[in-house]
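Presented below is the structure to which this report refers.
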Amino acid sequence: MKTLITAAIALLPFTLTAQTKAYTPFYSYEKLSFQTGDFLVKDYYIPLDDNINNPKSTMYVTKKPGMQEIFKTAVDFKTDSFTVAKGEKLVYSVNLFINPSSAYAEVKNLATNRQQTINLKLDGVISANRAIEITGKDYDRNASIIDGVFSFNRNKYKIVSNKEIEEKLSGMLKDISI
């Protein structure tokens, strides 16, 4: 019995280490939170950095992505992931996609696992968070944001502001049917 207890104690650090290294498909961090009606919404931004150059991320492109790859990933992959709580209970998860052809949210009811895709009709091509991130990196030294327009790789793209996203999500939460 002493041998069994000694072996268990000796192996404990290894099992604890294994538990802390859970697989995550991409890196994100909490950007902001806001209250809308009965809901508390937390926004988890999914940056390009630490994802497109990370082989363990589902967003991985290459170790040194080019400008075309950066922009394609910036608009094709979800920009933000939201959790929506009512009181102490998480009720929805929401993934936001903004790209040149559409803007939509994939909503999942966490109690029923039912999903719904909602067209958000946002006026823009790239989220403000993505545009800010890209201009802050050396992806394109000439990248800039002026009057709600993002210039990158000699092209101009209208930006969707965080305020517009918050307003759309607040309205959307009233209309969810799942």
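The values are calculated or read from the model by the stated rules, or taken from the named source; none is laboratory data. In this text the structure is predicted, and so the values were computed from the model without any measurement. Cβ sites come from the backbone with ideal geometry, for glycine too, and all protein chains shown count toward neighbours. These accessible areas exclude ligands, DNA and RNA; they are computed on the full protein's heavy atoms, side chains included. Shrake-Rupley method; radii C 1.70, N 1.55, O 1.52, S 1.80 Å.
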For the range 90-135, what are the residues that are basic (Lys, Arg) and on the phi > 0 side of the Ramachandran plot? LYS121
Tell me which strands (runs of 3 or more DSSP E) are completely within the range 76-178 and hold 1 or more residues being more than 16 Å from the chain's Cα centre (by Cα) and under 22 Å from GLY66 (Cα atoms), or say none if there are none. 144-146, 149-152, 155-160
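Which of the residues that make up the range 122-178 are of a type in the set (Lys, Arg), touching a residue at least 24 places away in the same chain (Cβ under 8 Å) and open to solvent by 20 Å² or more (accessible area, probe 1.4 Å)?
Matches in the range 122-178: LYS137, LYS158, LYS168, LYS174.
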For the range 117-173, what are the residues that are touching a Lys or Arg at 6+ places or on another chain (Cβ under 6 Å) and within 17 Å of LYS31 (Cα to Cα)? none
Return yes when THR79 is among the hydroxyl-bearing types (Ser, Thr, Tyr) and either open to solvent by 80 Å² or more (accessible area, probe 1.4 Å) or touching a residue at least 12 places away in the same chain (Cβ under 8 Å) (or both) and no when it is not. yes
Only one of (1) open to solvent by less than 70 Å² (accessible area, probe 1.4 Å); (2) outside any loop (DSSP other than H, G, I, E, B) is not met by GLU69, so which one is it? (1)
I'm checking my understanding of the structure. Among residues of the range 92-116 that are among the aliphatic types (A, V, I, L, M) and open to solvent by less than 30 Å² (accessible area, probe 1.4 Å), which one is farthest from SER28 (Cα to Cα)? ALA103
Filter pass, VAL160 being among the aliphatic types (A, V, I, L, M) and in contact with a Gly (Cβ under 7 Å, 6 or more places away or on another chain): yes
